[in-house]
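What follows is a single structure, written as structure tokens, with notes after it.
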Amino acid sequence: MSSEEAIFMKITNAEGAIILTLFVAELKKRKRTFIIAVMPWSLALGLYWSLAIHLYLSLGGWPEMRGTRGFSSALLLHANIQYNYLMFLSLLTLFVCPVMFLLCLLIKRLKKLVIYPSMQILGGLLFLLQMLFAPDGYTDWLWG
């Protein structure tokens, strides 16, 4: 290896270390933002499964009928909170996030933020996917 190549390798290694340091610092700085970005669908997931558990334990099994007739006030409140939250979050994800995604792609200053609407859309898709693993009695009641 020539002395010129050795100098180039030292510069490249030094630059690599600087880039890695900057990347780690940026990740630490945006850690809170990342956590905030995954919270909406994480909360939806918690509400979805906590309602399933609450429903099963309160009724001693899955409901035979559609609707909420005969539910306790706590179970009815839980079901209404979950329903309203999922409706709001689904509408936001379906109609607002794609617009935000396109704006981030088209506006140069916002390109680095494209990950956040992408995470929201991905969270919605993963939420739908996880519904395949729910018990049939719960999904029948939920969609009924």
May I ask for the distance between the Cα centers of the range 103-144 and the range 25-45, given as a whole number of Å?
14
Quick check: pseudo-label points 7 Å beyond the Cα along Cα→Cβ at Leu126 and Ile35, how many nm apart are they?
1.7
Within the accessible area of the range 69-144 (1.4 Å probe), percent carbon and sulfur:
75
Added length on full extension, which subtracts the Cα-Cα distance from 0.36 nm per residue, Asp136 to Met119:
3.3 nm
Residue-wise HN-Hα coupling along the range 135-144, computed from phi with Karplus coefficients 6.51, -1.76, 1.60 (Hz; x: Gly, Pro):
x, 4, x, 6, 5, 4, 5, 5, 8, x
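The values are calculated or read from the model by the stated rules, or taken from the named source; none is laboratory data. From a predicted model like this one, the values you see are computed outputs, not experimental measurements. No Cβ is skipped: glycine too gets one built from the backbone with ideal geometry, and neighbour counts run over all protein chains shown. Just so you know, the surface numbers come from the protein's heavy atoms only, side chains and all, with ligands and any DNA or RNA stripped out. Shrake-Rupley method; radii C 1.70, N 1.55, O 1.52, S 1.80 Å.
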